[in-house]
Amino acid sequence: MLFGLDTTILAFVGLIALSAAALAYGLLYTRISAAQQTEERLDRIAGVGARPAGGRKQDPVSSRRKSVQDTLKEIEVKQKFKAARSTNPPLMLRLQQAGMKISITHYVVFSVVVGLIFVIVGFASALPLPLTVGLGIVGAFGLPRFLVNFIRKRRQAAFLEELPNAVDVIVRGVKAGLPLNDCLRMIATEAKEPLRTEFRSVVEALTIGIPLDEAIGRLFERMPLPESNFLVIVISIQSKAGGNLSEALGNLSRVLRERKKMRAKIKAVSMEAKASASIIGSLPIIVMILVWLTSPDYISILWTDPRGQLVLGASALVMMCGVLVMRNMINFEI
């Protein structure tokens, strides 16, 4: 006993608090590191652009370099706010990124229906009331969001697959003497989905009089990917500072293809670690199911006794923290 309380209960409370803190850190680690990297890049760009001119007349090369630096700084400031939306976009923007042409009302109705179905299944299975309520919450909030995120990631993967080909089309068109708007219009009519839909939005924005840098900037909002951000930056700099667009886009096409090769290589190298993490994460659940099938009276104390339920909840938190740690260790981003 310690201060009139059972030391076992205190140990479990401390373990649960530690697990919750580790879980929160695992969920927010990527966002915190991304925000720190953005701040460091903005500070470096601001430091480069703040060098004094010394009161002397700048030559054309220095003037153009200063113009490019100012444009980059402006783009970085805009991207800072767009990146905050790309990590956790609003529901309507998330549906647009997934290519789902449904309204928020239809999404809410679908979520409520799925939650009610899960609750009915819980009551029909004679599950305890807290578990039934938890199933309803998972069905109403977890499953629809998971489906939207799954469709969104699959659409982004298809976009990345065709983006280098689209950049090559722009390069060939510019070298042949076509205007950039005609090249974008060509992609909007002949490219594969979802590239065709996204570039059609850019062309429609240009048609109603929106400037090129703003119209192409919307591409990153609908496809929050580093590759689409590269394309936005290259075209925005060229529209403001001038330069050889075909050469810049040609270099971008090579970078995109090299990133694709690197991503495939990383996926192949990390496949063994992912398989090991999957086995380690699923092993306790498999063992629990096998013990329940062979000796149900031996393990049923975990959900019939309050102390067993406490142990089961603490174990689930610790397992979730371990899975998140392993996920961050094997999740490589380029």
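Here the mean projected area of the convex hull built on the C-alpha positions of region 109-177 is 6.4 nm². The phi-based Karplus calculation (6.51 cos²θ - 1.76 cosθ + 1.60; θ = phi - 60°) puts the 3J(HN,Hα) values of region 271-276 at 5, 5, 5, 5, 5, 5 Hz, whole numbers, x for Gly and Pro. Legend: translational diffusion of region 242-306 by Stokes-Einstein, Rh = Kirkwood radius over C-alpha pairs, 25 °C, 0.890 mPa s; D = 148 µm²/s. Sorted from longest to shortest, the spans of the Cα atoms of region 159-267 along the three principal axes equal 43, 27, 23 Å. Coupling constants for region 284-297 follow from the phi torsions by the Karplus curve (6.51 cos²θ - 1.76 cosθ + 1.60, θ = phi - 60°), and in residue order they are x, 5, 5, 4, 5, 5, 5, 5, 5, 6, 8, 9, x, 5 Hz; glycine and proline get x.
With 22 Å as the limit, the listed pairs 192/260; 240/261; 153/265; 192/240; 192/274 have 240/261; 192/240; 192/274 beyond it between alpha carbons.
Shown is the FRET efficiency for residue 269 and residue 126, computed with R0 = 45 Å from the Cβ-Cβ distance and rounded to the nearest 0.05: 0.40. Contact order for region 159-267, expressed relative to its length and based on alpha carbon pairs under 8 Å spaced 6+ residues apart, stands at 29 percent. Distance between the pseudo-spin-label points of residue 103 and residue 257 (7 Å out from Cα toward the beta carbon): 4.7 nm.
Remark: region 177-334 is approximated by an ellipsoid whose semi-axes, taken from the C-alpha gyration tensor as √(5λ), come to 53, 18, 14 Å, largest first. Working note: Debye formula, equal point scatterers on the alpha-carbon atoms of region 150-202, no solvent; log10 I(q)/I(0) at q = 0.20 Å⁻¹ is -0.65. Any chance you could tell me what percent of the C-alpha pair distances in region 134-222 go past 21 Å? Pairs farther apart than 21 Å: 42 percent. Put simply, when 223-231, 111-119 are sorted by average Cβ atoms within 10 angstrom per residue, most first, you get 223-231, 111-119.
Read-outs throughout are calculated quantities, based only on the coordinates presented, and are distinct from any laboratory measurement. Please read these numbers as outputs of a predicted model, since none were measured by experiment. Cβ sites come from the backbone with ideal geometry, for glycine too, and all protein chains shown count toward neighbours.
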